[in-house]
Amino acid sequence: MQKAIQLKVRKDLDPRQHLTVIKLKGSLISKRFTEIIHISDHDEEFHINTFETDPESRNDVQQYIAAFINSENLSDTVTIK
């Protein structure tokens with residue numbers, strides 16, 4: 001069974017933040033953590049990005065995302081829900 005992971009992403013991004021969020025999503029796909037990321041509106045300020053990953057990979061994916069957010073200074077832009 002697959003497990004969903006959700007990212008809460010701010011809508012009003014500057015060009016650097018936008019490129020870095022795209023880099024994060026691309027790396028999740030290239031590292032085979034997921035095949036597709038679904039984007040939906042959350043409210044006026046945020047999108048929700050949802051993707052599924054294998055249950056065995058869930059902790060690794062969350063740690064990877066947290067480290068990426070930290071290293072790219074995206075803590076005010078992207079959060080794991």
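The values are calculated or read from the model by the stated rules, or taken from the named source; none is laboratory data. Bear in mind that the values here come from a model prediction, so they are computed numbers and not experimental data. Glycine gets a Cβ as well: all are built from the backbone with ideal geometry, and neighbour counts include every protein chain shown. Heavy atoms of the whole protein, side chains included, go into the accessibility calculation; ligands, DNA and RNA do not. Shrake-Rupley method; radii C 1.70, N 1.55, O 1.52, S 1.80 Å.
Of note:
- When the trypsin sites (Lys or Arg not before Pro) in region 1-56 are filtered for DSSP coil states and for at most 12 other beta-carbon atoms within 10 Å of their beta-carbon, the remaining sites are K11, K31, R32.
- For region 35-78: rounded, prolate or oblate by the Cα gyration tensor [a/c cutoff 1.5]: oblate
- Shape class of region 6-57 from the Cα gyration tensor (axes a ≥ b ≥ c, square roots of the eigenvalues): oblate, since a/c reaches 1.5 or more and a/b does not exceed b/c.
- With all protein chains in place and ligands, DNA and RNA left out, the 1.4 Å accessible area ranks F68, F33 as F33, F68, largest first.
- In a simple Cβ point-charge model (Lys, Arg +1; Asp, Glu -1; nothing else charged), the chain has a dipole of about 240 debye relative to its Cα centre.
- Within the assembled protein chains, the solvent-accessible surface assigned to T79 is about 60 Å², based on a 1.4 Å probe.
- Of H47, H38, H18, the one that fluctuates the most in a GNM where the chain has Cα springs shorter than 10 Å: H38
- Surface share of carbon and sulfur [accessible, 1.4 angstrom probe, percent] for the chain: 48 percent
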